[in-house]
Amino acid sequence: MSDEAESVSMIEAPETAHNAHSHGTGHRWFDIVMAVAILLVSAGSLYVSLHTGHTMEALVKENERLVRAQSTPILQFSHGNVTDDGARALEFTISNVGTGPARVMWTQLQSEGKTYGDMDEYVFATGNGQITYVTSPINQSVLSQGEERRILRWDYPKDADAQRRWSLIDKSRFDAQAKACYCSVFNECWTSNMAADLPQPVKSCER
């Protein structure tokens, strides 16, 4: 190899610096403002999401409340001694004036310190002997919205002893207090005196 060849040397290109971790714009305040803006947008999105979730939950609860309100039965108890057509007769009725069907589990009548499970017991307590009257059972039955069920009709009798017993019922009915336990189609249950007071919620209609 010649001396000229040996004098040849390699010239390397200068290295170019690379910073793989740098993502800024080079303007410090601009970068800070952008970061804060991104945080504010993220916080706003989170707030909107949470607020929407609470709003939807409130709407669902309100809808459930409205559905139940539109399916809540309310029972009323009434009695009289003259029918609509003017006939002299004792009538006891239970009406559903609520907004849904009532599953009547049990009813009872309290009068002069005694409790009766049905109208037959109430009538028989006046004495013995042949009498004629009509009853309609209501326990373990469904009372539709707006339905009125006459649980007792007793026309004024001709027999003297039967008239005495009829008059006893006619007087004691003002002291009589009715009570019922019933449930809705959603298995929500109440006890009620079937008067002006509000029904009281209960877990079930166990005796």
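The values are calculated or read from the model by the stated rules, or taken from the named source; none is laboratory data. Here the structure is a predicted model, which means the values were calculated and not measured. Reconstructed Cβ throughout: ideal geometry from the backbone, glycine too, with neighbour counts over all protein chains shown. Protein only, heavy atoms only, side chains kept; ligands, DNA and RNA dropped before computing areas. Shrake-Rupley method; radii C 1.70, N 1.55, O 1.52, S 1.80 Å.
Brief remarks follow.
- Of all residues in the stretch 20-35 being outside any loop (DSSP other than H, G, I, E, B) and loosely packed, with under 10 Cβ neighbours inside 10 Å, the one that is modelled with the highest pLDDT: Trp29
- Within the stretch 72-126, the only residue that satisfies the criterion of being free of Cβ contacts under 8 Å to residues at least 60 places away in the same chain and basic (Lys, Arg) is Lys114.
- Residue ID - least open to solvent (accessible area, probe 1.4 Å), chosen from residues in the stretch 139-149 that are under 21 Å from the mean Cα position of the chain (by Cα) and not polar (S, T, N, Q): Leu143
- In the stretch 88-126, the residue that is farthest from Ile169 (Cα to Cα) out of those that are in contact with a helix residue (DSSP H, G or I) (Cβ under 8 Å, 6 or more places away or on another chain) and part of a loop (DSSP other than H, G, I, E, B) is Thr99.
- Test result for Ala102, modelled with pLDDT of 95 or more, hydrophobic (A, V, I, L, M, F, W, C) and surrounded by 10 or more Cβ atoms within 10 Å (Cβ to Cβ): yes
- Residues of the stretch 173-180 include none that is without any contact (Cβ under 8 Å) to a residue 24 or more places away in the chain, more than 23 Å from Arg150 (Cβ to Cβ) and out of contact with any strand residue (DSSP E or B) (no Cβ under 6 Å at 6 or more places or on another chain).
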